[in-house]
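*Asks:* Please find one structure pasted underneath; my questions will follow.
Laboratory data are not the source of any read-out in this text; all were calculated from the coordinates shown. Predicted model only: the values in this text are computed from it and were never measured. Positions of Cβ are generated from backbone atoms using ideal geometry, with glycine treated the same way; all protein chains shown enter the neighbour counts.
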Amino acid sequence: MLARAVRDVEGAAQKGRVTPAVRTKFQAVALLVREQHAKVKAETEGSAAHRAEQLKRLDGIGTILAKTAVRDPSLLALLADEAVVSGAARALARDMLRVGGIEPLEEEAPVAAPVAAAATPAPNERRVVPQSVVSRQLANPFLAPDFSAVRPAQTAPRRLGGWELIGPLLRSFERAGGGGPAVMELPDATWIRPPAGLELMPHQVQLVASAAAGHRTYLLADEPGLGKTAQALMAAEAANAYPLLVVVPNVVKTNWAREAARWVPQRATTVIHGDGETIDGFADVVIVNYEVLDRHVGWIADFGFRGMVVDEAHFIKNKTSQRSQNVLSLSAKIQSRGPKPLLMALTGTPLINDIEDFRAIWQFLGWIDESKPLGELMDSLDDIGLTPADPGFYPEARRCVIDLGIVRRRKVDVAADIPARRIADLPVELDGAAGRSIRAAEKVLARRMVNRYESALAARGSATEVEGIDHELVRKVAGWEQKDTSTGESGENVFSMMRRIGEAKAGLAADYAAQLARSAGKVVFFAKHVAVMDAAEQTFAELGLKYSSIRGEQTSTTRQKQIDAFVNDPEVTIAVCSLTAAGVGINLQVASNIVLAELSWTDAEQTQAIDRSHRIGQTEPVTAWRIIAAQTLDARIAELIDGKAGLAARALDGSDEEVGSSVDVQLEALVALLTAALEARPVVSAPVSFSAS
C-alpha cells in the first residue's frame, strides 16, 4: 500500500503537479515509513530474514521519497526532522493504517509510561503554554494553592479488601439485569429552564436536575441522537462546574463550540487549535480535541478546572494509548484538587469490542483504579454483605455501579416522537472486469489458506487425525492469515479485498444515492475509503448534483462549512461522508435516507453513522440502505456485523442474553471463507479393485 502511494506521489512530481493533496500524501507516507521502520526494528518475534526483507522494502520506499523530494523544495522540507506533520497528513495516515488492517495511530500508539503512572505523564517535547494562559495566571492576585502536603484519607479495613473485584463487576454487566435498564435513580423535575428559545426534553431535564442536586459523575450512555451535548452543558451550569474542560474528537470541535454558545451563552467559550495561540485564557469553557491534547496537558492540569467532559468516551477504551493516558492523568489531577468535580463520559456506544471497554471510562470517572474499586463504590459493595462467591452478588454489584452515575436511555422509551428507522440491504452484482478480478482474488486468498491448512494437517501426522474438517485448525489458519503482514503473490488480504470491493461498488452506490436525491430529497452517503468517496463525488458531478464533502483531512472550519451547506442549502442534496470522520458528533437530520456504500467492521460504527440522521429533530422515518456485493466476502461480513449488533444494548438495557467478547469480524470472515473452500473440495474416493472371479 505504501509502495503504491509513493509511486502516485512520484508520478505527480514528475509531471510537475505537486498539489496540496500530493504533499499531504507524501508526508503521510513519510510518517508511516518512519513508524513502520521503527516498529520492525523493535520486533523480537519472527525470523531475522523476514525482518530484513521488511526493512529492505521500507528502505526502498524511503529512497523513492528522497528522490521525489529532490524535484520539489516543498516536498524536501517535509522530510526535515523539525517539520510539523499537518493534521491532514495525520488523518490520511490513519486512513491508510485502517486500510492496512492496523489500528489508527491516534488510538493505539503505545507509550513508555505504565498506566499506573497515568497521573504523571511523561514529558513531551512539544508541550506548550499559550500566552493567554500565562496572562490569566499573572492576573490572579492569589498564590497558586500548594497541594504537596495533602495526604489521602485513611480508610478502615474493608470487608472485601482481599477479593479481586474488577472482574466480577464487569461480569455483573455480562449477565445483564433481567430486564432492568442501566439508569441511576433520577429526579422527576421540571423546573430546569434553558436559554430563551430552547427546550429540554423530559429525559434531559432529569439528568440536569440530578447535577443540580449534587451528583457529580456520569457515564451518559443515551442512544445517539438524544441530546447528550446539551445535557452535559446544562449539567455543568447546574453544578457550577467552571472552568469546564471538554475533550472531543476533532470532527466535532466546532459543533461543540456552537452548542456551548446556544446552551450556556453567558459563558465564554474557547477552542484550542494547534499550539493554542488563539485561545482565550479567561474563558469558562475550554474545548480541546484528543489529537492535540498531549501538547497542552501540562498547563491544563494546573488550570483549575472544576469539571471535565469527555465526548465519544469509547475513544479512550485502550488504556495503553497516549490519548487514554492523557485523559486519565487529567482526570486524576482534577479529582485531587478542591471540591468534588463534575466528571462526565459521553458515548452512545460505550462498548465497541467487549465488556472490558468499561475499564478506562470507570477509571476516568474515579470509580476504580487499575486494580480495585475506589471510595463510594467500595463502600457500596461492602454494604451488600455478599462476596463474588455468592450468586446474588452480581445483580447487586451491577446496581452499585449504575447508582454511581450510569444513565442509558433509548429513543423508543424517551423520544417516541422520533420516527422509526430501518436498515435495508441492497445486493448488487459486480459485473465486468472488476467483478471477475475480485472473485478471482477471493479464490486465490481461499486457495492460499487451504494450502496452509493442508500443510499444517500434514505436519501433524496421522496421530491427531480428525474426521472431516478440523474446525479448530481452520480457526488457527485464519488467525495466521489475519496476522500475516505479507499478502503473498496475489497481493490480497481481507483488508485489501474489502477496499477493492468498495471501489467496485462505488459507482453503483453513487447511482442509487443520486436516484434517492432526485426522488426523496437529501441523502447522506457514507464510505470508508478515500477512493470510494472520490468516485462517488465524480459521479455526482457528472450527474449535475451538488454535494458536500465531509472528510478526515479537512480543518474544522472547512468541515463545518460543508456541513452547513448540506443542512441549509436546498440545492446541496448529497453529503459524501467519511465513515470514520463524519460518523460521530454531527447533526444531519435534514436527511432521512442514508446510503452505506461500504461496510464498517463493527455494528457500533454503523449505528453511529445512521444516528447522524436518526436523532432529535428528525421528522421522517430513516432508512439506511446498505449496498452489499452479492456472492463475495462483502455478504459474509454483513452477516457477521449483524450478528455482533447490540453489545451495548444487551449490557446496558437489561437483556437476559449473556454478553461475551465480541466477534472478531475479520477473523470470522476468513474462517467462513476457508470453511467454504474446504467444503467445496472434491471428494477423493479410494480406488476400487475387482477380483479375477
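*Asks:* Amide H of Arg421: which non-local residues (sequence gap of 5 or more, or other chain) have their own amide H closer than 5 Å, using H built in the peptide plane?
*Replies:* The list, which skips near neighbours in sequence, is Val622.
*Asks:* List the lysines whose Cα lies under 17 Å from the Cα of Lys546, skipping any in the same chain that are fewer than 8 positions away.
*Replies:* Lys522, Lys561
*Asks:* If amide H atoms are built 1.01 Å from N in the plane of the peptide, which residues on other chains or at least 5 residues away come under 5 Å of the amide H of Ser548?
*Replies:* Answer set, sorted by chain and number: Ile574, Ala575, Val576.
*Asks:* How would Glu199, Glu376, Glu571 line up from fewest to most surrounding beta-carbon atoms within 10 angstrom?
*Replies:* Fewest-to-most Cβ neighbours within 10 Å comes out as Glu571, Glu199, Glu376.
*Asks:* What lysines sit close enough to Lys41 to cross-link, taking a C-alpha to C-alpha distance under 16 Å and skipping anything fewer than 8 places away on the same chain?
*Replies:* The reachable lysines, counting only those whose Cα sits under 16 Å from Lys41, are Lys56.
*Asks:* Would you please put 623-632, 131-140 in order of how densely packed they are, using the mean number of other Cβ atoms within 10 angstrom per residue and starting with the highest? Spell out each step's value before the answer.
*Replies:* Values: 623-632: 20.5, 131-140: 13.4.
For the peptides 623-632, 131-140, the packing ranking is 623-632, 131-140.
*Asks:* Can I ask one more? So, R0 is 45 Å and r is the distance between the beta-carbons of Ala38 and Arg518; what FRET efficiency does that work out to, to 0.05?
*Replies:* With a Förster radius of 45 Å, E is 0.30.
*Asks:* Another question, then. Can you list residues whose amide H is under 5 Å from Met308's amide H, if they're 5+ apart or on another chain and H is modeled 1.01 Å from N?
*Replies:* Under 5 Å from the amide H of Met308 lie the amide H atoms of Leu245, Leu342, Leu343, Met344, each far enough along the sequence or on another chain.
*Asks:* Where does the charge balance sit around Val567 when Lys and Arg score +1, Asp and Glu -1, over other residues with C-beta under 14 Å from its C-beta?
*Replies:* Overall, the nearby charge balance is +4.
*Asks:* List, in the order given, every pair from Lys39/Lys505; Lys253/Lys340; Lys228/Lys317 whose Cα-Cα distance in the structure shown is over 31 Å. Don't skip to the end; give the middle numbers.
*Replies:* Details: Lys39/Lys505 34 Å; Lys253/Lys340 26 Å; Lys228/Lys317 19 Å.
The pairs that break the limit, which is 31 Å between Cα atoms, are Lys39/Lys505.
*Asks:* Please turn the phi angles of segment 365-377 into ³J(HN,Hα) values with the Karplus equation 6.51 cos²θ - 1.76 cosθ + 1.60 (θ = phi - 60°), one per residue in order, whole Hz, x for glycine and proline.
*Replies:* Residue by residue, segment 365-377 yields 7, x, 7, 9, 10, 5, 10, 7, x, 10, x, 4, 5 Hz.
*Asks:* What are the ³J(HN,Hα) values, in whole Hz, obtained from phi via the Karplus relation 6.51 cos²θ - 1.76 cosθ + 1.60 with θ = phi - 60°, for each residue of segment 192-207 in sequence order, with x given for Gly and Pro?
*Replies:* Result, rounded to whole Hz: 5, 10, x, x, 4, x, 10, 9, 9, 7, x, 5, 6, 4, 4, 5.
*Asks:* Run the quick spin-label model on Val134 and Gln538: label points 7 Å from Cα toward the beta carbon, then report their separation in nm to one decimal.
*Replies:* 5.1
*Asks:* Go through Leu579, Val567, Ala604 and say which Cα lies farthest out towards the positive end of the charge dipole of segment 508-613; charges sit on Cβ, +1 for Lys and Arg, -1 for Asp and Glu.
*Replies:* Looking along the dipole axis, the top candidate is Val567.
*Asks:* Each residue of segment 243-248 in turn: what ³J(HN,Hα) in whole Hz from Karplus with 6.51, -1.76, 1.60 and θ = phi - 60°, glycine and Pro shown as x?
*Replies:* x, 10, 9, 10, 9, 9
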